[in-house]
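The values are calculated or read from the model by the stated rules, or taken from the named source; none is laboratory data. All figures in this text were calculated on a predicted structure; none of them were measured in a lab. Virtual Cβ from ideal backbone geometry, glycine too; neighbours counted across all protein chains shown. Note: areas computed on protein heavy atoms with side chains; ligands, DNA, RNA excluded. Shrake-Rupley method; radii C 1.70, N 1.55, O 1.52, S 1.80 Å.
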Amino acid sequence: MSQLDLVVIGSGPGGYVAAIKAAQLGLKVALVEKDPTLGGTCLNVGCIPSKALLHSTEVYQQALHGKKHGLVGAEKITFDVSAMLANKDKVVAQLNKGVEYLVSKRGIEIVRGLGRLDKPGKVLVRSTGGERTLETKNILIATGSTVVELPFLKFDGETIISSDHGIALDKVPEKMVVVGAGAIGLELGSVWSRLGSQVTVVEMMTSIGGPAYDADVTKVAQAAFEKQGLKFELGAKVTGVKKASAGVSLTAERDGKVLEFPANKILVAVGRKPNTTGLGAQEAGLKLDERQRIVIDDHFRTNIPGVYAIGDVVAGPMLAHKAEEEGVAAAEIIAGKSGHVNYHIIPGVIYTEPEVAGVGMIESEAKSKNVEVKVGKFQLAGNGRAIATDATTGFVKVIADAKSDKVLGVQIVARGASEMIAAACAHMEYGGSSEDIARTCFAHPTVSESFKEAAMAVSKMSIHSL
Ligand code: NAI
């Protein structure tokens, strides 16, 4: 192969999107992937399979509670875990093929194997079939992240498991303890709890969902999850594990007291770490920060000329859509154009029932930074579509600058919050005010009207609440 313009290492949402964008801009591109399928963590063991499992278990729960909608015999419905897993695998395989099709049709060569930085302008790709060196003007590292392992809770794939195993359990564990009430813990905890597992979530912070949400948001969400059967042990730091009659018992500490949680499965979801394994980062002199993330400048350039990095392997939220945005911007920069990511408007979503979503500044952050804000809130219990579809749990909150009325942040707890947050992002991207949202026509009846009502509530002018 003659010299390439760009070699992308890693085919997750950051890498494959960057490769496509670069090819669209006329660059000659190769995409290196060590795994048999394209799509990275998100498509193979992360965002997509977990959404398939969440959907299957939602269908089950809706059927179980379908009596009032006329469903007869609902209480006798049983669940086939293997069918759920087969459906999840089918979804993933369809998207694997889709990504491969899109990439190939853009003229991008897919090179299978582990990519390693070699001499300047060279990427060495090792696979079971042998070695190959790619010569290129630019290299983009998009190698993503892997699960964090606690030193005293080593994954064995059987009793102590990561999310990689947690999406593929062949039977419902009687007792599951989830360590960490972040997005993964809450989503996979919900999946197995909906199927009848007694799930306890042990979290060292005093609230769920991480620091991106206000306390009023996480409180409502937590209460909803508790109603569904999830148990929460907050402010409890996990310290170890010991053998017990039921299997194992997780130990934790709270206010100097030792707590014990018996379990058949312990799902550890305490974060992810950047993946630079096998990349030859040290030998190549690639600069990493104290958390082993690749250091980049505001143009995604590493300290090595011609080598760029994006996604989970660099600083910032470990989110697929953040990686995608960076992939596009980096490809544009490499192609000699200007590329930019607006890091103020990266939404976060927890895909539970109800979903939790947020973008921009949270209310407590505004207060701590002495930013004067006006806040409008609308409860879903006042929304017609929510009442008609059993979706009244939650609210929408709009946080606007007190002087200019510019929307600084939006927080949502609602079924379908992941879809609703898109309108908030679009408004904020154009610098919209709460009045702009209030004057936008929303279809009726939709749960999204709650977003408009919350915007109206910023100036105390909500129509459907007092
Ligand atoms: P996370 O960082 O979001 O949450 C981990 C939680 O574990 C934190 O609340 C932390 O306080 C807690 N924790 C850490 N050590 C602990 C200990 N020893 N004892 C008790 N609690 C402890 O990590 P998570 O959920 O594993 O997700 C990893 C990454 O993947 C995150 O960046 C997340 O945003 C991303 N992700 C996003 C999803 C989404 O957008 N829906 C879905 C899945 C993952």
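Count the DSSP beta bridges whose two residues both fall in the chain, then state the antiparallel fraction as a percent rounded to the nearest 5.
On the way: 53 of 84 bridges.
Within the chain, antiparallel bridges account for around 65 percent of the total.
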### Task
Assuming R0 = 51 Å, can you tell me the calculated FRET efficiency for the pair Lys237 and His340, based on Cβ-Cβ distance, to the nearest 0.05?
0.80
### Task
Can you work out the PRE-style zone for Glu419? Point 7 Å along Cα to Cβ, and I want the residues of region 447-466 with backbone N under 11 Å.
447-448
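With a 1.4 Å probe and every protein chain kept in, tell me what percent of the accessible surface of the chain is carbon plus sulfur. List each step's numbers first, then the result.
Values: 11780 of 22140 Å².
Ligands and nucleic acids excluded, carbon and sulfur give 53 percent.
So between Ser127 and Asp89, what do we pick up on full extension, going 0.36 nm a residue minus the alpha carbon distance? Don't skip to the end; give the middle numbers.
Values: separation 38, 0.36 × 38 = 13.68 nm, distance 2.49 nm.
Once the chain is fully extended between Ser127 and Asp89, it gains 11.2 nm.
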### Cβ-Cβ FRET estimate between Val258 and Val72, R0 fixed at 51 Å, reported to 0.05
0.55
### Message
Could you tell me the center-to-center distance, by alpha carbons, between region 399-466 and region 247-304 in angstrom?
### Response
36 Å
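Kirkwood Rh and Cα-based Rg: tell me the resulting Rg over Rh for region 345-457, rounded to two decimals.
On the way: Rg = 13.0 Å, Rh = 13.7 Å.
We get a ratio of 0.95 for region 345-457.
Where does each of Met176, Met205 land when they are ordered by accessible area, with a 1.4 Å probe and the largest first?
Numbers: Met176 0, Met205 115 Å².
From most accessible down to least: Met205, Met176.
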## Note on the structure
Distance in nm between Thr37 and Ala443 label points, each 7 Å along Cα→Cβ, equals 3.1 nm
### Theoretical FRET efficiency, 1/(1+(r/R0)^6), r = Cβ-Cβ of Val148 and Ser459, R0 45 Å, to 0.05
0.55
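Can you name the helices of the chain, as whole DSSP H runs, whose Cα span along the helix axis is 24 Å or more and whose Kyte-Doolittle mean is not below 0.0? Show your work: numbers first, answer last.
On the way: long enough: 47-64 (25 Å, 0.19); 81-105 (36 Å, 0.13).
Length and hydropathy pass: 47-64, 81-105.
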## Note on the structure
Any aspartates and glutamates whose Cα falls less than 17 Å from that of Lys97, other than same-chain ones fewer than 8 residues away, would be Glu33, Asp35, Asp89, Glu109
### Message
Rolling a 1.4 angstrom probe over the protein chains, ignoring ligands and nucleic acids, what is the accessible area of Tyr60 in square angstrom, nearest 10?
### Response
40 Å²
### Query
Taking only protein heavy atoms and a 1.4 Å probe, what accessible area per residue, in Å², does region 160-270 have with all protein chains in place?
43 Å²
### Query
Based on the mean of other beta carbon atoms within 10 Å per residue, what is the order of 178-186, 231-239, 152-160, most packed first?
178-186, 231-239, 152-160
#### Entry: Dimensions (Å) - the chain, Cα atoms, principal axes, largest first
66, 62, 49
### Task
Starting from the Cα-Cα distance between Gln62 and Asn303, subtract it from 0.36 nm times their residue separation and give me the gain in nm to one decimal.
81.5 nm
### Task
Give me the distance between the Cα centres of region 334-388 and region 89-127, rounded to whole Å.
34 Å
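Compute the signed sum of charges (Lys and Arg +1, Asp and Glu -1) over the other residues within less than 14 Å, Cβ to Cβ, of Val349.
Values: positive: Lys51, Lys322, Arg415; negative: Glu187, Glu353, Glu355, Glu419.
Around Val349, the charge tally is -1.
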